[in-house]
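*Asks:* Take this structure, written in structure tokens, and hold onto it; I'll ask about it next.
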Amino acid sequence: MGMFSRLTDIINSNISTMLDKAEDPQKMLRLIIQEMEDTLVEVRASTAKVLADKKQLIRKIEHLEEQAEDWQAKAELALSREREDLARLALVEKKHLQESIKLQQKELGLVDDSLLQLQQEIEQLELKLSESRNRQAGLLARQTTAKNRHAVRQQLDNERALKTREKFEQFQAKIDQLEARAEVFGKEGDNNPDLNKQFAELSADAEIADELDKLKAKLEQK
């Protein structure tokens with residue numbers, strides 16, 4: 001195992017502390033969950049093997065008990081035929097079987113203890129795994145929320161920029177219209193022939209009036 005050296009390391013681990021120290025909490029959490037899932041598969045496989053061993057022990061004990069009962073029956077038969085020597089031998093065989101049965105029952109007790117411990121470890125590991133998956137779901141939800149908020153903020157900023165650009169373009173269009181109108185009016189003033197003609201006539205009339213006044217003054221002196 002890479003991250004954890006044994007099952008108890010996982011069960012006794014502080015996920016929050018590990019995530020706080022991690023540079024990338026999401027990546028760390030994925031590794032932790034993967035490690036837990038792999039370990040859970042291994043523990044369940046070990047549990048299945050121990051269960052199979054238990055069944056074999058139970059069958060073996062049952063077989064030994066049947067043999068012990070058979071030797072008990074043989075001892076009773078021998079005594080009924082007044083063969084105490086055979087009855088004694090049968091009881092010796094029965095005793096050996098009973099001792100084997102005690103050893104197997106002791107082994108069965110150890111197997112039950114192992115199964116109980118494995119079951120407790122599986123429950124604790126499943127609890128840790130559920131906690132880690134919930135934490136992962138929370139991180140993913142926070143990441144999704146953050147992305148959505150960023151997207152909304154970016155969209156709002158883009159809309160504000162678009163509106164500002166539109167207002168600027170409208171303002172610029174108004175200025176262009178005003179400049180165009182001023183330019184048109186200026187050209188109309190410069191290029192109006194009737195108006196120029198009227199001013200030219202006024203100027204000519206003024207010159208003629210001056211000449212006429214000078215002529216009148218000259219005649220009066222004579």
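Where a number appears in this text, it was derived from the coordinates with a stated rule and is not lab data. A quick note: this is a predicted structure, and the numbers were derived from the prediction, not measured. Here the Cβ is made from the backbone with ideal geometry for all residues, glycine too, and neighbour counts use every protein chain on show.
*Asks:* Using the Karplus curve 6.51 cos²θ - 1.76 cosθ + 1.60 with θ = phi - 60°, work out ³J(HN,Hα) for each residue of the stretch 79-92 in order, rounded to whole Hz, and write x for Gly and Pro.
*Replies:* Couplings: 5, 5, 9, 6, 10, 5, 4, 5, 5, 4, 4, 5, 5, 5 Hz.
*Asks:* Separate question: With labels modelled as points extended 7 Å from the Cα through the Cβ direction, what inter-label distance (nm, one decimal) is found for Asp53 paired with Glu123?
*Replies:* 2.2
*Asks:* Among the listed pairs Lys27/Lys54; Lys27/Lys128; Lys49/Lys102; Lys55/Lys95; Lys49/Lys94; Lys49/Lys74, which have their C-alpha atoms separated by more than 29 angstrom in this model? Mind dumping the intermediate values first?
*Replies:* Details: Lys27/Lys54 41 Å; Lys27/Lys128 17 Å; Lys49/Lys102 23 Å; Lys55/Lys95 24 Å; Lys49/Lys94 31 Å; Lys49/Lys74 38 Å.
Cα-Cα > 29 Å for Lys27/Lys54; Lys49/Lys94; Lys49/Lys74; rest within.
*Asks:* Moving to a separate point now. Please give the length that would be gained between Leu79 and Arg44 if that part of the chain were fully extended, namely 0.36 nm times their separation in residues minus their C-alpha to C-alpha distance (nm, one decimal). Let's see the in-between values first.
*Replies:* On the way: separation 35, 0.36 × 35 = 12.60 nm, distance 5.26 nm.
That works out to 7.3 nm of additional length.
*Asks:* Here is a follow-up. How large is the Rg to Rh ratio of the stretch 38-106 when both quantities use alpha carbon positions and Rh follows Kirkwood?
*Replies:* 1.33
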